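First up is the structure itself, then whatever we jot down about it.
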Amino acid sequence: MPGKLRKASQAFFLLLFFYLFLQTESKGANELGYPVRIFLDADPLLYLTTLLSTRSLENVWSIALIVAIATVFLGRVFCGWICPLGTLHDLAGKLGRPRRRTLGWFRLKYLLLLGLTASSLFTLQAAGLFDPLSLLIRSLAISIYPAFQHAVSAFFDTVYAWQVPLLTDASEAVYGLLKKTLLSFRPPRFNQAFFVGLIFLGILGLNLVERRFWCRYLCPLGALLGLLSRRAVLKRSVSEGCDGCGVCTAACPVGAGPGTKEGWKASECIACMKCDDLCPTGAVRFGFSAGKDSGIDLGRRRVVASLAAGAAAVPLLRVTPLAGAGAADPTLIRPPGALPEPDFLRRCVKCGECMKVCLTGGLQPALLEAGLEGLWTPLLVPRIGCCEYRCTLCGQVCPTGAIEKLDPEQKANVKIGLAMIDPGRCLPYAHGIPCSVCEEVCPTPQKAIRLEETVGNRDGKEVALRRPRVDLERCIGCGICEMKCPVLGRPAIAVTSLGETRSKDNRLLLG
C-alpha cells in the first residue's frame, strides 16, 4: 500500500511539474501562466546558498523552509515522493538491468555539498549548476523541450509532403491540438542546446549503471536533506522475524541498507518504503519511533579538503578579466532588470526560466562571456532575437531576484546596451544605397535612431540619402535594429553592453 501511494504522489508531482513548465510562457499582454519557479522556491539548497552568497535576509521566509522542516521530522520524503527528477530516474532505471553491487560512493554528494556551501560563503553561487531542480528546468528549457518541438514539426512536415488528403486532414487536427497544449508559439533555438541535452541524458543514463545513481552519489540537494533527516521521527524498524533474505537490500533504490538493524542509513533513505512492501515476513515497518542511524563518516581530511576546494574555486574562477567584470565582453548584454554583474552572479542559479519565456528567443545561455562563473547565465543575442519593448516576463519568473521584476513603464527607462553603426557595412554609408530599416523598427516613443539627409555618390551620380545616427540618450539597447538589419552575416548596426543602466562604469562617455 505505501508503494502505491508513493507512485501516485510521484505521478502527481511530475505531471504538476510538466504542467507548470508548459505554463511558464507568455499568455498575451505581458501576462504569464503559473510559473514552474514554485519548485525552485521550495528548494532548500538554492535557498541556503543564495542567502549565503548574497548575505541578505530579505527573502528569509520561503516554501523551502517548509520542505526543510518537513524533512527534519519525516526524512527525505521530498526525494522519494515529490522530486520530479527523482521520478525520472526511477523511470529511466526501468529501461535496463543495473548492477546489483553498489559502488558505495555516497559520500561524494556530501563532499560536493560542503564545497558548494563554502563557495557560497565567499559569494560564489555555483549550486545552480548541480541542483537537481535547476538542472532539470534548464535541461528541459534549453534542450529537451526545443528538440521535442522541432521533432514534432519535422514529423508533420513529412506528413504534409506526402500529400495524402485524408492523412493531411487528420494531421492538421492533431497538430492544431498540440499547438494549443504542448507546443509553444515559436519553436525556440538555443546555443549549447546539444551540450546541455547530452549532459542531461547522460545523467539519466547513469541509472543503467545503478538505480538512482545521481541521487545516491552526486545530488547536493539530497545530501542537504540527508543531513536534515538524520534525526527524523519517521523511522524504519526491523522485528525479530527478519530472516536475512536480502530482498529489501536488493530492492532499495538508494543503497540505504535496510536489511540490517544496525546498518540502516537514515540520511540515505528516501522513504520509498519498498522494503516494507516487499518483506516476505513482514519484519520491516515504517513508523514514528526512535530508530537508530549508522551515521555519516566523511573523514576529517575529506571535509577539510572539500571546504578548501570550495573556497579556492572562488578566486580561481574570477582570476580572468572576464569573470565578474561585466563590461569586459561587450557582447555580455543582460536582460532588463538584471542586477549589477557581481550581484547578478551571486543570485543567478542558471535555471533557464528567463530564456524559456523570452518572446523572441534572444536570451541565450552564456558560455564564457562572463567567465566560468557565468556559465549558462542569460545574455541577449540580438541577432537571434531582440528584447521586446513592453515585455517584462524574465523578471516575473526569476526565482532569486537576479532579474528584478519591472513594470512596462519602469522597463522603458532601463538601458541594457547601446546600438552602434558600422559605416563600412551600412548600406547608405558604404554603398550609397537607401535603407532606413533600423529607424523604422526602433520602438522608443522618440526614435533613438534618426535619419540625416545627405548627398551620396553612386555610379558617378549624386543621390539623396538618409543616413542613420544613434541617439546616446534615447537608445535602450533592445537590439531590434540589429535583428532586422538587412545586411547578412555581421550586421551594419550592433548592440553592445555600453551604457547599461545597471553599471556606472560601463559607459561610452564617462563623467
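The values are calculated or read from the model by the stated rules, or taken from the named source; none is laboratory data. Nothing here was measured: the structure is a model prediction, and the numbers come from that model. Counting neighbours? That spans all protein chains shown, and the Cβs are built from the backbone with ideal geometry, glycine included. Side chains included, ligands, DNA and RNA excluded: accessible areas come from the protein's heavy atoms. Shrake-Rupley method; radii C 1.70, N 1.55, O 1.52, S 1.80 Å.
Residues checked against (1) out of contact with any helix residue (DSSP H, G or I) (no Cβ under 6 Å at 6 or more places or on another chain); (2) under 22 Å from residue 385 (Cα atoms); (3) not polar (S, T, N, Q):
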| position | (1), (2), (3) |
| --- | --- |
| 145 | yes, yes, yes |
| 169 | yes, no, yes |
| 175 | no, no, yes |
| 180 | yes, no, yes |
| 185 | yes, yes, yes |
| 188 | no, yes, yes |
| 208 | yes, no, yes |
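Can you tell me which residues in segment 179-207 are modelled with pLDDT under 90 and outside any loop (DSSP other than H, G, I, E, B)? Hits for segment 179-207 are 179, 180, 181.
Rundown of residues vs (1) part of a loop (DSSP other than H, G, I, E, B); (2) at pLDDT 95 or above; (3) exposed (fewer than 15 other Cβ atoms within 10 Å of the Cβ), yes/no style:
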position: 462; (1), (2), (3): no, no, yes
position: 465; (1), (2), (3): no, no, no
position: 476; (1), (2), (3): yes, yes, no
position: 483; (1), (2), (3): no, yes, no
position: 499; (1), (2), (3): yes, no, no
position: 504; (1), (2), (3): yes, no, yes
position: 509; (1), (2), (3): yes, no, yes
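Here are some conditions: (1) open to solvent by 50 Å² or more (accessible area, probe 1.4 Å); (2) closer than 24 Å to residue 359 by Cβ. Residue 448 meets all but one. Which one does it not meet? Answer for residue 448: the failing condition is (1). Looking at residue 388, is it charged (D, E, K, R), under 23 Å from residue 362 (Cα atoms) and in a loop (DSSP other than H, G, I, E, B)? Against the criterion (charged (D, E, K, R), under 23 Å from residue 362 (Cα atoms) and in a loop (DSSP other than H, G, I, E, B)), residue 388 qualifies. Selection of segment 1-40 for residues being crowded, with 16+ Cβ neighbours inside 10 Å, more than 18 Å from the chain's Cα centre (by Cα) and polar (S, T, N, Q) yields 10, 30.
When segment 115-147 is limited to residues that are among the aromatic types (Phe, Trp, Tyr) and part of a helix (DSSP H, G or I), the one that is most open to solvent (accessible area, probe 1.4 Å) turns out to be 130. Does residue 155 meet the test of being surrounded by fewer than 14 Cβ atoms within 10 Å (Cβ to Cβ) and either out of contact with any Gly (no Cβ under 6 Å at 6 or more places or on another chain) or β-branched (Val, Ile, Thr) (or both)? Taking the combined requirement at face value, the residue satisfies it.
Let's see how each residue does on (1) modelled with pLDDT under 75; (2) out of contact with any Gly (no Cβ under 7 Å at 6 or more places or on another chain); (3) surrounded by 15 or more Cβ atoms within 10 Å (Cβ to Cβ); (4) not in a loop (DSSP other than H, G, I, E, B):
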{"position": "232", "(1), (2), (3), (4)": "no, no, yes, no"}
{"position": "236", "(1), (2), (3), (4)": "no, no, yes, yes"}
{"position": "245", "(1), (2), (3), (4)": "no, yes, no, no"}
{"position": "257", "(1), (2), (3), (4)": "yes, no, yes, no"}
{"position": "264", "(1), (2), (3), (4)": "yes, no, yes, no"}
{"position": "270", "(1), (2), (3), (4)": "no, no, yes, no"}
{"position": "296", "(1), (2), (3), (4)": "no, yes, yes, no"}
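Each residue in segment 346-380 was checked for being more than 25 Å from residue 407 (Cβ to Cβ), of a type in the set (A, V, I, L, M) and surrounded by 22 or more Cβ atoms within 10 Å (Cβ to Cβ), and 2 of them qualify. With the condition kept exactly as written, say whether any residue in segment 92-111 is among the basic types (Lys, Arg), open to solvent by less than 40 Å² (accessible area, probe 1.4 Å) and within 30 Å of residue 345 (Cβ to Cβ). Checked against the condition, which is being among the basic types (Lys, Arg), open to solvent by less than 40 Å² (accessible area, probe 1.4 Å) and within 30 Å of residue 345 (Cβ to Cβ), segment 92-111 yields at least one hit.
Based on what the data block shows, is residue 177 among the aliphatic types (A, V, I, L, M), more than 17 Å from the chain's Cα centre (by Cα) and over 26 Å from residue 133 (Cα atoms)? Answer is yes for this residue. A search for C-beta distances below 7 Å between a residue of segment 1-29 that is under 20 Å from residue 136 (Cα atoms) and of a type in the set (A, V, I, L, M, F, W, C) and any residue that is open to solvent by 20 Å² or more (accessible area, probe 1.4 Å) and not in a loop (DSSP other than H, G, I, E, B), counting only pairs 6+ apart in sequence or on different chains, returns 13/82; 20/38. Among the residues of segment 179-224, those identified as charged (D, E, K, R) and either open to solvent by 30 Å² or more (accessible area, probe 1.4 Å) or in contact with a His (Cβ under 7 Å, 6 or more places away or on another chain) (or both) are 179, 180, 186, 189, 211, 212. Remark: pairs (first residue in segment 290-315, more than 18 Å from residue 104 (Cα to Cα); second residue of a type in the set (A, V, I, L, M) and modelled with pLDDT of 90 or more; Cβ separation under 6 Å; 6+ apart in sequence or on different chains) = 306/111; 306/114; 307/114; 307/118; 310/118; 311/118; 314/124.
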